[in-house]
Every structure is written in structure tokens, then in C-alpha cells.
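A short worksheet on the structure shown next.
The values are calculated or read from the model by the stated rules, or taken from the named source; none is laboratory data. Bear in mind the structure is a predicted one, so any value in this text is a computation, not a measurement. Cβ placement follows ideal geometry from the backbone for every residue including glycine, while neighbour counts extend to all protein chains displayed. In case anyone asks, the SASA skips ligands and DNA or RNA and just uses the protein heavy atoms, side chains included. Shrake-Rupley method; radii C 1.70, N 1.55, O 1.52, S 1.80 Å.
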Amino acid sequence: MMTLIVLFAVGLAGGLVFDYFDLPGGPMTGAMLAVVIFKTFGSVSTPEIPHWIRYVIYGCVGVIVGNMYSPDMLAVIRSTWPIMLLSTAIILLAGLFCAWVSMRFGGMSAGGAYLATSPGGFNAIVALAGDAGNEAPVVMVYHLVRIYAIVLLSPLVAKLLTALIK
């Protein structure tokens, strides 16, 4: 249990640093990277996280994700739903293709590959990835790389799209 407390303290410190510098993913990304670095340079065991702790944390993630919903969203989506459904289908098909590549050439299981290459909010995917066993860290890394690529490339992509429309 002491190792788990130390890992939570390290994660909290990393989360505070990321939040202070307003880095993408803030507390979650900072906590994860701090624990990864701590475990990389130390001989720290991987303790089993008790079910009740995972339950509380996943429940909190569910509340955060659910709280993003607003009834006003339905009015906005009403005029764009065909494009929304088409883009969702294209993204899901691309994710399936990437999952197949990850299984075929990356040696991942079907479940791990699908989670790793699925679109979605980092919070929700990480919560689901907890059940992916040994592949959970790989799933998280896939999503971190994707999120940071999106964040870093967004200004450039916005400029390119704006130029294409004019």
C-alpha cells in the first residue's frame, strides 16, 4: 500500500506541474508521465490498485465526461448531423484499419489494438484501457501521441484548411 501512496504523490506532483504550465492534458498527462519517469528510474513495483479505488476514479471520469453534455448540443447538431455521422463513420473505419495494422504488425490483441486506435477523449479511453491488462500502457501511449500531435499541429492545419477554402 505504501508504494501506491508514493505513486499517487508522484502523480499528483506531476499533475500540478503540467497544470501550472497549462500543458495539454494537464493533471492527467502530468501525473501519468511523472509516474512513468519515476518507475523508469527507480526499482518500483507495480502494485495492484484495489477495486474500490478504480471504481471511484472511473466514476469520477464518467462524471467529467458526462458533464460535458449540454441539451444545447442537440440544437447545434440538428443542422450538421449528416456530416457528423459521415465523419464518425470515416473515423471509425480508419480506426478499424489502424487496429488491424496494430494487430498484424504490432502484436497487439484485438481489444488492445481497438482501444489504442479508437478515436475518443483521453479520459474515457484511459478508463476503458484499465481493463486491457498488460496493454493498458500501450493504449495510453497511442492516445498521448495522438493528442499531442493534434494539439501541436492544430494551428498549422487550421491555416491550411482556411487557405484551401478561400
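For this structure, a couple of remarks:
- q = 0.16, 0.17 Å⁻¹, the stretch 1-67: log10 I(q)/I(0) [Debye, one scatterer per Cα]: -0.61, -0.68
- In summary, the stretch 1-149 shows an alpha-carbon radius of gyration equal to 1.18 times the 2.2 N^0.38 Å reference for compact globular proteins.
- Relative contact order [Cα under 8 Å, 6+ residues apart], the chain, whole percent: 14
- Here the 3J(HN,Hα) profile of the stretch 156-163, calculated from phi with Karplus coefficients 6.51, -1.76 and 1.60 at θ = phi - 60°, is 5, 4, 4, 5, 5, 5, 5, 5 Hz, Gly and Pro shown as x.
- Solvent exposure, largest accessible area first (probe 1.4 Å, DNA, RNA and ligands not counted), of M140, M108: M140, M108
- Looking at the stretch 15-61, the chymotrypsin sites (Phe, Trp or Tyr not before Pro) that sit in a DSSP loop and have at most 12 other Cβ atoms within 10 Å of their own Cβ are F21.
- Choice from G111, G62, G42 with maximal GNM fluctuation in the chain (Cα, 10 Å cutoff): G42
- Using the Cβ-Cβ distance between K166 and M73 with R0 set to 35 Å, the FRET efficiency from 1/(1 + (r/R0)^6) comes to roughly 0.75.
- Comparing mean-square fluctuations of R78, R104, R146 from a GNM of the chain with C-alpha springs under 10 Å, the top value falls on R78.
- Here the Karplus relation 6.51 cos²θ - 1.76 cosθ + 1.60, evaluated at θ = phi - 60°, turns the backbone of the stretch 45-62 into coupling constants of 6, 10, x, 6, 7, x, 3, 5, 5, 4, 4, 5, 5, 5, x, 5, 4, x Hz, with x for every Gly and Pro.
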